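For reference, the structure is listed below as structure tokens.
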Amino acid sequence: MCELQNHDIPEHIEALDARLREGMTDEELTDLDYQFRVIYTLDSASKSRSHFQFLQPGSAEAKEVSNVLVKFRPADETHPYKPKAVCEEISRRTGRSFTAHNHTQAWRLHGIRPRKGDPAPDQTNKDYCVYHPAHGDYTYSEKWIERLVTEWTDENTWLAIRNYRL
């Protein structure tokens with residue numbers, strides 16, 4: 001693999017790469033939904049297998065590839081909100097009181113994370129919540145807050161959350 005890294009990329013490939021990146025922000029360029037990489041291997045392949053393959057996002061095959069290629073970022077960056085901050089943000093953004101009790105109702109209703117004392121506390125919906133084994137607590141993402149803001153301002157989902165029995 002090191003031998004391949006010592007070679008220059010052909011100009012036509014660099015030009016294509018530059019055109020693909022043109023006009024994109026740094027945030028878009030680092031977003032996994034916009035990224036893909038060509039990986040060269042020294043494995044031999046038949047002509048039928050030596051081609052580009054585009055995968056449908058969300059398919060089982062894409063998820064398998066994503067599990068290998070995922071870029072790790074600290075949870076403090078991806079899930080910066082502790083429960084108290086979630087409540088404060090929802091209240092601030094909606095103008096409607098959102099308490100710690102309401103937050104517990106919401107994550108239980110949606111199955112975002114396991115209950116306290118669960119033998120597998122890390123089994124969370126990673127889009128919304130991550131578990132920190134070092135200090136035994138959970139933090140939440142901006143995506144979770146956005147979802148709750150939408151739900152907390154919709155009368156039907158607001159009632160569903162408020163009426164969820166703990």
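Summary table
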| quantity | calculated |
| --- | --- |
| 13 Å beta-carbon shell around W144, net charge (K/R +1, D/E -1) | +1 |
| Hz values of 3J(HN,Hα) by residue in region 106-117 - Karplus curve (6.51, -1.76, 1.60), Gly and Pro given as x | 5, 5, 6, 4, 8, x, 6, 8, x, 6, 4, x |
| Label point distance in nm, M24-H101, each placed 7 Å from Cα along Cα→Cβ | 4.8 |
| Protection-proxy order for peptides 11-17, 143-149, each taking the mean of Cβ atoms within 10 Å per residue, highest first | 143-149, 11-17 |
| Cβ crowding within 10 Å averaged over residues, with 128-137, 85-94, 18-27 ranked highest first | 85-94, 128-137, 18-27 |
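A short reminder: the numbers here are calculations on the coordinates, not readings from a lab. Worth saying up front: this structure is predicted, and the values here are computed from it rather than measured. Heads up, the Cβs are rebuilt from the backbone with ideal geometry, glycines too, and the neighbour counts pull from every protein chain shown.
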